[in-house]
1. Given Leu191, Phe15, Leu114, which one lies farthest toward the positive end of the charge dipole of the chain, if we put +1 on the Cβ of every Lys and Arg and -1 on the Cβ of every Asp and Glu?
2. Along its principal axes, what span do the Cα atoms of the chain show, with the longest given first and each in whole Å?
3. Taking the full set of protein chains and a 1.4 angstrom probe, give the accessible area of His310 in square angstrom, rounded to the nearest 10.
4. Membrane-span-like helices in the chain: DSSP H runs reaching 15 Å or more (Cα, own axis), mean Kyte hydropathy at least 0.0?
5. Rounded to the nearest 500, what is the chain's calculated 222 nm mean residue ellipticity when only DSSP H runs of at least 4 contribute -39500 (n - 2.57) each, over all residues?
6. Using a 1.4 angstrom probe with every protein chain in place, what is the largest-first accessible-area order of Lys300, Lys185, Lys154?
7. Provide Arg370, Arg320, Arg339 ordered by accessible surface of protein heavy atoms (probe 1.4 Å), highest first.
8. Once Lys and Arg get +1 and Asp and Glu get -1 on their Cβ, which of His205, Met393, Tyr225 lies farthest toward the positive end of the dipole of the chain?
Amino acid sequence: MEKITINYYLYFLGFLFFAFGTSLLLKRGLLATRFLGLQFIQLGIQLYCSYYIQLPLILDHPNYFRVISPLFYLIGPLSYLFQHFLLYPERKFKTVYFLHFLPFTIHFLEFLPLYLSPEAVKLAEINQVISENTFNTSQSNFGLISMKYHLYFKSISYIAYLALISYELFKYYQSVSKSFLVKNKLIVFWLTGDLFLKIVVLGFHIAFNLIYQDQVQMMARDFLYAGEFAIMALFLFLNPRLLDGPFLKGLVFQHSHREIQEKTEGFKEFGFDNSKINVKNKSILEKLDRYFESEFIFLKPNISLNLVAHSLKIKPRLIRICLQDELDFSFTDYVNSWRIQYAEEQCRDNPRWKSYKIEVIATESGFGTRQSFNAAVKKLKGVSPGQYFAKYMN
């Protein structure tokens, strides 16, 4: 009875997580927010059902049997996709991403006959679980493989996704400058801290599996998992701006955005309604900046206006007009500004770049030739590359 009372708290916590996840799922904004919402919804359903699958409640509610088992295949994919689209907010969800949910789909479909079976059939399966004293039974009339092997596959899947999350986070931190990390230290702390908590939870989960043989009655996994998400939710509640994604570097274009805002406010102050074009231009500039920021598209020598316009689903003419009106830039000037900014940051923050020759800096920054690099720096900075980058070199 004490265990049921303890799990009662998880029962209500499941409702809270489900409601919080639904609010995130319906929230307008980054795609990452929806994946975070799905994580909380998945956990909410899991905690709610976990209350009914404990003994002796499962005997009175057999319809909850095996319901949460497929959900464990969602933990890794949802965690990875949330981080992926938070770090790269301009990326679109592609059909290939559905492959992440293939194990969940297969596991759900193999147990669909069980879900549709009469209660008597489910009770027979529950008695098999009780006789083996573990949910991860080696024998069952349902499923392509035994639950014992599913336990291994779920563990391997989660460990693999943790490795993938760690690798992507490490590569992202390597690809951006120190000043960018400092500017986004809150989101860095959040993602790194959550990854650390996931590893800790995994470690405790493995330890409990090795120590406790009574898998049917074990509640530690749910408490640990719920605790991790409770910390995440609290941190997000105190810092809601985190769901806007990383701040833009803004070293080149922040001033122009500020000018647009000032002009917009000026029009409103004097009662004019000519500010719509400025608001539209600001929106286009922000999309451009974030796309260049997250995808490093400027490092490709063959970048073109049509390629960028197609990716952002904005007409090339609108991008060209926006850059000309607000920055007095051609598209080439805009791209070259990002390349020079990137080279400047790398030479300042990356010791390896300090020993590079001008030719190497040019190619590593996305310029096809040294001649184009010379021309761009001379036009945008007013001096030669050698003069401009001398303060950063050994």
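1. Leu191
2. Extents along the principal axes: 81, 56, 34 Å.
3. That residue has around 140 Å² of solvent-accessible surface.
4. On the way: long enough: 2-25 (35 Å, 1.08); 31-52 (33 Å, 0.76); 72-87 (24 Å, 1.24); 119-132 (20 Å, 0.19); 147-175 (41 Å, 0.19); 185-211 (38 Å, 1.70); 220-238 (27 Å, 1.41); 254-269 (23 Å, -2.14); 276-295 (28 Å, -1.02); 316-327 (16 Å, 0.15); 331-349 (27 Å, -1.19); 370-381 (16 Å, -0.80).
The answer, listed by residue number, is 2-25, 31-52, 72-87, 119-132, 147-175, 185-211, 220-238, 316-327.
5. Details: 19 runs with 273 residues, N = 394.
Taking each H run of at least 4 residues, the total per residue is -22500 deg cm²/dmol.
6. Numbers: Lys300 100, Lys185 140, Lys154 35 Å².
Heavy-atom accessible area, descending, gives Lys185, Lys300, Lys154.
7. Numbers: Arg370 95, Arg320 130, Arg339 20 Å².
Greatest to least solvent exposure: Arg320, Arg370, Arg339.
8. Checked the options; the winner is Met393.
The values are calculated or read from the model by the stated rules, or taken from the named source; none is laboratory data. Source: prediction; values computed, not measured. Neighbour counts run over all protein chains shown; Cβ positions are idealised from the backbone, glycine included. Keep in mind that these areas ignore ligands, DNA and RNA; they rest on the heavy atoms of the full protein, side chains included. Shrake-Rupley method; radii C 1.70, N 1.55, O 1.52, S 1.80 Å.
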